[in-house]
1. Measuring from label point to label point, each 7 Å out along Cα→Cβ, what is the S278 to V241 span in nm?
2. Report the label-to-label distance for N90 and K116 in nanometres (one decimal), using points 7 Å from each Cα along the Cα→Cβ vector.
3. So what's the gap between the Cα centers of the range 237-251 and the range 70-104, to the nearest angstrom?
4. Distance from the Cα centre of the range 127-177 to that of the range 255-288, in angstrom?
5. Residue separation times 0.36 nm, minus the C-alpha to C-alpha distance between K174 and T78: what's the value?
6. When only DSSP loop residues count, what trypsin sites (Lys or Arg not before Pro) in the range 109-154 have their Cβ near at most 13 other Cβ atoms within 10 Å?
7. Once the convex hull of the alpha carbons of the range 167-293 is built, what does its volume come to per residue, in cubic angstrom?
8. Roughly how large, in nm² to one decimal, is the mean projection of the convex hull of the alpha-carbon atoms in the range 83-181?
Amino acid sequence: MKLLKRHNYSLKDNKVTDERTFFNRRKIMLGFTGIIANSFIKNSYANKVSSSFYKPENRKLTSYDILTKYNNFFEFGTTKQIWKSAQNLNLENWKIKVEGGKYDNKSFYFDDIMKKFTFEERIYKFRCVEAWSMVIPWCGFQLSELISYLNPSSSVKFVCFETFYQPQQARNQKQDWYPWPYSEIITIDEALNPLAFIATGIYGKSLPKQNGAPLRLVLPWKYGFKSIKSIVKIKFLEKKVKSFWQTIEPREYGFWANVNPDVPHRRWSQEYEKDIGSGKRYKTEIFNGYGELVENLYSNKSNENLYF
Ligand SMILES: Nc1nc2c(c(=O)[nH]1)N[C@H]1C(S)=C(S)[C@@H](COP(=O)(O)O)O[C@H]1N2
Ligand SMILES: [Mo]
């Protein structure tokens, strides 16, 4: 059994007043393996929280109910209400194929590869390009652990992720003008940044299908569309390739997609965001408030469009 570390990037307990029962417990159930069997593994929750990096003021955790009923998952439809149709996704024998690195061309069963990493909880603010945000208690592990395990060669510059292509299960994939499968791409340095996370759960439970089960990326300093769901493929690349959204509309969905109040979306301002839980309006923060941890990734780049 692995010890659950509570990481620095979490909110302070006293900043979090919603979903009390979840936070007041000293011990939580952290679901990570047994997604299929739907069993949870108990972890002790000993470490104290010391969050010096990120404390969103007056922000409460978004409730489990909202997190699981207000989603973007275009494979299942273009509305926010896809949670029912997402239940069609079959998670049995989920495999992740790797291209490049030490295990080039190898496929891993989700259940097997998960055993190799250190599970923890991280509470991140999540900011969609559509100018709304949520505060989410993720469970999972740091993406850098997975990258080091897969051991890409030093010539690798980018990491590309792909979602399943299952039109029988995900009905919007029958719309063949979309460049399915959904894909995203980040630099290898971004992938190795300690904030970059692979989520396998929320609120101490296995990740619901509508949230991207069994595993998804979480990049809290970037717009939500970069945080690709239900990953089936990881590719190590030397050259940049176009993502799903960049293929559809590069003027609205940039490669960097770093949260930035000063770079408007083509159709709306990014100056403010609406918290989906409370309905309150907040000022958008550069890098979604995580500048201290990520700005070094961009220090030698001057173009402001970079942030979009
Ligand atoms: N495969 C896939 N991943 C995806 C999406 C999607 O449509 N398909 N939507 C993205 C967008 S736009 C957002 S805002 C988040 C939404 O995550 P949530 O539903 O868990 O809040 O997932 C991102 N990852
Ligand atoms: Mo989004």
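1. 4.2 nm
2. 2.6 nm
3. Spelled out, the Cα-based centre of one part sits 19 Å from the other.
4. Between the Cα centres of the range 127-177 and the range 255-288 lies a distance of 21 Å.
5. Using 0.36 nm per residue and subtracting the Cα-Cα distance, I get 33.3 nm.
6. Answer by residue number: K115, K116.
7. 149 Å³
8. 8.7 nm²
All of the numbers you see were taken from the coordinates with simple rules; none came from a lab. Since we're looking at a predicted model, the values are computed, not measured. Cβ coordinates were reconstructed from backbone atoms using ideal geometry, including for glycine residues, and neighbour counts include every protein chain displayed.
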